[in-house]
Amino acid sequence: METFLCRLLGTASGIPTKTRNNVSIVLDVNNDYYILDAGEQCAASMLRNSLDYNKVKAIFISHMDVDHFAGLPMLVKSMILWARRQTPLQLFVPREAIADVKNCLAMMYLVDKALGFRLDILPLSEEFEYRDDNISITFHGNRHIKNRFCRNPALKDRYPDLQKESFSFCLQLKNRKMVYSGDLACPEEMDAFIGGTDILLCELAHFTPETLFQYVSTKNVKKIICLHFHPDWDERDAELLELAGKYGIRNIEMGRDGLQINF
Ligand SMILES: [Zn+2]
């Protein structure tokens with residue numbers, strides 16, 4: 001029988017708070033782990049939640065903002081020192097970041113021969129679909145970073161060589177569908193793939209809760225887990241739940257570091 005659970009390792013947005021680490025999620029499908037984003041301190045959170053580093057099959061980074069990536073080097077280091085890992089690991093990052101990620105790890109002396117296992121750093125793109133016996137994942141580009149560059153006069157029209165790639169993930173298990181928003185410019189960026197979602201893990205930092213709840217109330221989504229909280233909403237779960245209720249949304253949970261979701 002298929003087993004599936006999801007553990008939130010970190011639920012903060014751009015900066016950690018007193019109770020939240022940066023965003024990272026572990027999916028356990030039939031005892032294989034898939035990590036969605038690797039915010040700091042995902043390695044420590046895995047250990048404290050008794051999650052085995054050796055079970056991580058693949059890691060997917062939605063975009064290269066520091067709050068989604070900074071935990072990755074320590075996760076790799078922990079796989080070496082704690083787990084004595086030997087099995088290969090796949091790390092998927094936006095295409096434009098591959099060379100820099102390799103250099104970043106090499107700068108920390110996490111070079112190939114120091115790992116003890118094969119680390120394949122692979123491009124994540126809209127044209128690519130991840131597929132194995134447990135899960136398939138498609139990747140949907142959004143304007144999270146592009147919009148930031150457009151709106152900031154200091155950045156606008158500069159750095160034309162940067163692709164500014166950012167993705168949302170659509171995950172299909174045997175008979176269940178999960179969407180992870182990543183970071184978005186607006187909720188409508190999920191239009192093309194949100195229909196029929198069993199569980200939506202959605203960020204709450206780049207638009208108001210009202211905007212999100214209004215949007216989701218018109219969609220066929222069975223359950224919502226909010227995460228990646230803007231610091232303004234860090235400790236206001238009751239207010240957020242009440243607000244969601246005004247839009248007729250009942251099956252919703254405010255994510256917490258360590259929260260385990262079964263379904
Ligand atoms: Zn973020």
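The values are calculated or read from the model by the stated rules, or taken from the named source; none is laboratory data. All values reported here derive from a predicted model rather than from experimental measurement. Here Cβ is always computed from backbone atoms with ideal geometry, including for glycine, and neighbour counts include all displayed protein chains.
For the reader, a short list of remarks on this structure follows.
- Any hit, the stretch 40-58, residues being touching a His at 6+ places or on another chain (Cβ under 9 Å) and surrounded by 19 or more Cβ atoms within 10 Å (Cβ to Cβ): no
- Test: residue in the stretch 73-94 that is in contact with a Gly (Cβ under 7 Å, 6 or more places away or on another chain), within 16 Å of the ligand (Cβ to nearest atom) and either basic (Lys, Arg) or at pLDDT below 95 (or both): no
- Residues (part of a helix (DSSP H, G or I) and surrounded by 20 or more Cβ atoms within 10 Å (Cβ to Cβ)) located in the stretch 210-235: LEU212, PHE213, VAL216
- The stretch 81-104, subset assigned to a helix (DSSP H, G or I) and either of a type in the set (Lys, Arg) or in contact with a helix residue (DSSP H, G or I) (Cβ under 6 Å, 6 or more places away or on another chain) (or both), residue surrounded by the most Cβ atoms within 10 Å (Cβ to Cβ): LYS102
- Here GLU210 passes the criteria (1) more than 16 Å from the ligand (Cβ to nearest atom); (2) in contact (Cβ under 8 Å) with a residue 60 or more places away in the chain except the one numbered (2).
- Verdict on ALA114 being of a type in the set (A, V, I, L, M, F, W, C), out of contact with any Leu (no Cβ under 8 Å at 6 or more places or on another chain) and under 21 Å from TYR159 (Cβ atoms): no
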